[in-house]
Amino acid sequence: MVVILPDGGERYLSTPLFAIQEETNLRFYNTLTHAKEPFVPLQPGKISIYSSGPTVHDRMHVGEWRRFVLADLVRRYLEFKTYAVTHIVNISDLNDKTIVGAEEAGMPLKPFTDKHLQAFMEDVETLGIKPATQYPRASDHVEDMVALTGRLVEKGFAYEKLRSVYFDISRYADYGKLSGIDLDKIRLGATVDLDEYVKENPRDFALLKRAKLSELKQGIYAKTEWGQIRPSWHIESAAMAMKYLGETFDIYTSSRDLIFPHHENEIAVSGALTGKPLARNWILSEQVLSGGKKADRDAAIPNIRDLLERGYSGRVIRYWLLSNHYRKPLNLSYEALDQASQAIRRIDECISGLASLEGGRSYPDLDQLLYDMKTGFSDAMDDDLNVSSATATIFRMARRVNGLIVNNEMDQTGARRIIDAFKKVDTVLNVFDFAKAPEDPEVQKLKREREEARRRKDWKLADQLRERLVAMGAEIRDKKIM
RNA sequence: GGCGGCAUAGCCAAGUGGUAAGGCAGCGGUCUGCAAAACCGUUAUACAUCGGUUCGAAUCCGAUUGCCGCCUCCA
C-alpha cells in the first residue's frame, strides 16, 4: 500500500531511523516561522547549509563578519553533535560594486575580485572560521542563472522589458513570508529612483539586467535570447544555492538586514520554480552597531586587519562577535574588545595552569565536574545557540578548577581530562589557546636571570627584568622562593 | 507610513511565571620580597515607563517612550 502523506513525509522523522538525532533538544529560532522550533534535518545525520557570502570589492569590516562567525558557529555546533555538514558560501563577484571597483582600480574584473577574495580567505583564517565545503563564484554560474530565468519566463513568472528580465511579483502569491511584508503598504521608491527603470510594476525585481555600455566594453556580459545581460544579485544567489544544495536545504544563514528584498526575492525565485521552500530554517544574525548606528562600509568601521594592527588577536575578535547572542544587536567598541580579551585570558590561564600541573591528589568528583560542564554547555547551545549561557558554564568550571589546583586537589590525570573537555567545547567556540607558543630564547634567558636575582634577593634587578619581560609580552607566574 | 528588532548593575551580558547566571572593572582579604596570576569574600530590595492578570511578573497582557534596521537595480 502506498500512502501519500499530506505533510510531505515529515512524519517519517519519528521513525526509529531518526531516533538518535531526535533525542537531541536542539532548537533554532527560525525567522521564517518567527519561532524557536526543534531542529530536524531533511536527511538523518546530514545537514546542508547555505550562507550569504561576501561581495568581493573591498575588505569587509568587522560588523559584516558577524554573520560569517554565526554561520561557522552553527556549522561547528552541528558537527559537534555529529552531523555531517555540507556548507556552501557563495562569492558575489559579479555586481555593480565589483564592476565599479575594478574600474576605479584600473584592473580587469577577475584579478580585482581574486584579490579581494584572497583577503576574505585571510580573514576567514584569522577568525578561525572553518572553510566552507565550496565557495562557488557568481561569475562561474551565469549560464545557470540564465537557464533559471528562462524557466521562470516559460512559467510566466518573469517578463522581458527593454532587454532586461524582471520577476513578476504579482504572480507569486507567497511573496513576503520571511519579512512579513505587506506589499500594498510598503513605501515605493524610498531607496531607489524608480524613474530609472521600466518595470511593469515598481515592486518587481530584476533577474537579468541589460548590460551597461561600460560593461559591454569590458566584456562583462552574457549573450541571451533577451540581449546582452548581467545577472542580478538575487538570481545569482538563488541559482548557486539550488545548484549546490538542491531545491530545498536545511539552513540558510545570513544577517537580518538582507531579508528584504534579497532573501525574499531568492525565496520567490526558487519557490516559483519548484513550489518548495528554498531553506527550511533561516538563521539570521542581528547587526553590529557603531556609535548606535548600523556599521556599514561607508562609515569608518575597522576591518579585521585594522583590529589586528591594534593588537586584538583573531580569537579575541571571534570571541567578541560570538559571545553576545546572535539575535541581539552588538555594539562595536574597543572597550568591549578589551573585555573579551580579558575574558579569554581567564580560560587560557586555567588551561595553562592545568597543563603545567605537577603533583596533587586525584579529585574524586571529577566525573561529576566534567558531566556538569558538558551538559551545561550543550543544553545552552541546544537552546538557539545561547553562547552567553554556555560560556558561563565554562567560566564556572574554570573557577572551580583553579580552586582545586590551588588546594592541590588535582592531579595530572585529572588535568588531562579537563583539558580534553575544554578542547571538545573549543571545537565549537574555537577561541581558547591550548598550544602556547614556545617562548623565544631571549625570554627564557631573561626569566632565568630573574629567577637567579630573586634567589639572591636582588629585588632591584629582578624588578627591572620583570619590567622588560612584561614589555616583551611574556607571562610571569612567580612561585614562592624556596 | 508599513514591516521587523532591541531596552537587565559602572561596562558587557544570561535569564519567558517562583524570587536576578557569567565576564570585565572596583573594593576587602589570602598568597607574594613587592607585584602579576590564582583563590576567598563583596558589588541590582526602581530588570525603559505606566497600567493590568496572578498567591507570586524581568518573564504574560495592554498602552507609552527611546534607540536601531529594511522598504525592490548597493550588495
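Need pairs with beta-carbon distance below 8 Å; first residue under 14 Å from A:LEU273 (Cβ atoms) and within region A:162-173, second acidic (Asp, Glu); sequence gap 6+ or separate chains.
Hits for this filter: A:PHE167/A:ASP204; A:ASP168/A:GLU200; A:ASP168/A:ASP204.
For residues in region A:383-411 being within 18 Å of A:TYR363 (Cβ to Cβ) and part of a loop (DSSP other than H, G, I, E, B), which is farthest from RNA strand B (Cβ to nearest atom)?
A:ASP411
With A:ALA147, A:ALA190, A:ALA173 as the choices, which residue is surrounded by fewer than 19 Cβ atoms within 10 Å (Cβ to Cβ) and modelled with pLDDT of 95 or more?
Answer to the selection: A:ALA147.
Would region A:432-455 turn up any residue that is under 30 Å from A:TYR326 (Cα atoms), of a type in the set (Gly, Ala, Ser), more than 8 Å from RNA strand B (Cβ to nearest atom) and not in a helix (DSSP H, G or I)? Before you say what the answer is, go through the steps one by one.
Filtering region A:432-455 for residues under 30 Å from A:TYR326 (Cα atoms) gives A:432-436.
In the following step, the residues that additionally are of a type in the set (Gly, Ala, Ser) were identified as A:435.
Narrowing the set further to residues that are more than 8 Å from RNA strand B (Cβ to nearest atom) leaves A:435.
Still in the running and not in a helix (DSSP H, G or I): A:435.
Yes: region A:432-455 contains one or more residues that are under 30 Å from A:TYR326 (Cα atoms), of a type in the set (Gly, Ala, Ser), more than 8 Å from RNA strand B (Cβ to nearest atom) and not in a helix (DSSP H, G or I).
Let's see how each residue does on (1) within 16 Å of RNA strand B (Cβ to nearest atom); (2) surrounded by 24 or more Cβ atoms within 10 Å (Cβ to Cβ):
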residue	(1), (2)
A:SER232	yes, yes
A:LEU245	no, no
A:THR253	yes, yes
A:LEU258	yes, no
A:PRO261	yes, no
A:GLU266	yes, yes
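So for region A:328-346 (the condition being over 23 Å from the mean Cα position of the chain (by Cα) and touching a residue at least 40 places away in the same chain (Cβ under 8 Å)), does at least one residue qualify?
yes
Within region A:308-324, is even one residue closer than 21 Å to A:ASP426 by Cα, touching a residue at least 24 places away in the same chain (Cβ under 8 Å) and within 8 Å of RNA strand B (Cβ to nearest atom)?
Scanning region A:308-324 turns up at least one residue that is closer than 21 Å to A:ASP426 by Cα, touching a residue at least 24 places away in the same chain (Cβ under 8 Å) and within 8 Å of RNA strand B (Cβ to nearest atom).
If you take the residues of region A:393-431 that are over 19 Å from the mean Cα position of the chain (by Cα) and of a type in the set (Asp, Glu), which of them is surrounded by the fewest Cβ atoms within 10 Å (Cβ to Cβ)?
A:ASP420
Does region A:110-121 contain at least one residue that is among the polar types (S, T, N, Q), in the same structural domain as A:MET242 (by TED's automatic domain parsing), more than 19 Å from the chain's Cα centre (by Cα) and over 30 Å from A:TYR326 (Cα atoms)?
Step one: list which residues in region A:110-121 are among the polar types (S, T, N, Q), which gives A:113, A:118.
From the residues that got through so far, the ones that are in the same structural domain as A:MET242 (by TED's automatic domain parsing) too are A:113, A:118.
Next, from what is left, pick out any that are more than 19 Å from the chain's Cα centre (by Cα): A:113.
Filter once more, keeping what is over 30 Å from A:TYR326 (Cα atoms): none.
No: zero hits.
Answer yes or no as to whether A:VAL85 is buried (at least 24 other Cβ atoms within 10 Å of the Cβ) and assigned by TED's automatic domain parsing to the domain that holds A:TYR244.
no
I'm told A:ASP440 meets every condition in (1) surrounded by 12 or more Cβ atoms within 10 Å (Cβ to Cβ); (2) closer than 30 Å to A:ILE129 by Cα except one. Can you identify the failing condition by its number?
A:ASP440 satisfies every listed condition except (1).
Looking at (1) at pLDDT below 95; (2) closer than 26 Å to A:GLY219 by Cα, find the lone condition where A:GLU64 falls short.
That leaves (2) as the condition not met.
Please verify whether region A:302-309 includes one or more residues that are buried (at least 18 other Cβ atoms within 10 Å of the Cβ) and within 17 Å of A:ALA239 (Cβ to Cβ).
no
Which members of region A:290-318 meet the condition of being farther than 19 Å from A:SER255 by Cβ and under 17 Å from the mean Cα position of the chain (by Cα)?
Once the filter is applied, which keeps residues that are farther than 19 Å from A:SER255 by Cβ and under 17 Å from the mean Cα position of the chain (by Cα), region A:290-318 yields A:GLY314, A:ARG315, A:VAL316.
Is there any pair linking a residue in region A:366-392 that is surrounded by 16 or more Cβ atoms within 10 Å (Cβ to Cβ) to one that is assigned to a loop (DSSP other than H, G, I, E, B), with Cβ under 6 Å and at least six apart or on different chains, and which?
Correct list of pairs: A:ALA380/A:ASN386; A:ASP382/A:ASN25; A:ASP382/A:LEU26.
Taking the condition of being within 9 Å of RNA strand B (Cβ to nearest atom) and over 26 Å from A:TRP282 (Cα atoms), how many residues in region A:144-179 meet it?
4
May I ask you to verify whether A:ALA474 is within 12 Å of RNA strand B (Cβ to nearest atom), in a helix (DSSP H, G or I) and among the aliphatic types (A, V, I, L, M)?
Numbers: within 12 Å of RNA strand B (Cβ to nearest atom): yes; in a helix (DSSP H, G or I): no; among the aliphatic types (A, V, I, L, M): yes.
Judged against the criteria, A:ALA474 is not a match.
Conditions first: (1) in a helix (DSSP H, G or I); (2) modelled with pLDDT of 85 or more; (3) within 12 Å of RNA strand B (Cβ to nearest atom). A:ASP195 passes all but one, so which condition is the exception?
Every listed condition holds for A:ASP195 apart from (2).
Would you mind listing the strands (runs of 3 or more DSSP E) fully within region A:24-76 where at least 1 residues are under 9 Å from the mean Cα position of the chain (by Cα) and under 21 Å from A:GLU125 (Cβ atoms)? Reasoning before the result, please.
Working: elements: A:27-30, A:35-38, A:46-51.
Qualifying strands (runs of 3 or more DSSP E): A:46-51.
The values are calculated or read from the model by the stated rules, or taken from the named source; none is laboratory data. Treat the numbers as computed from the prediction; the structure is a model and nothing was measured. Reconstructed Cβ throughout: ideal geometry from the backbone, glycine too, with neighbour counts over all protein chains shown.
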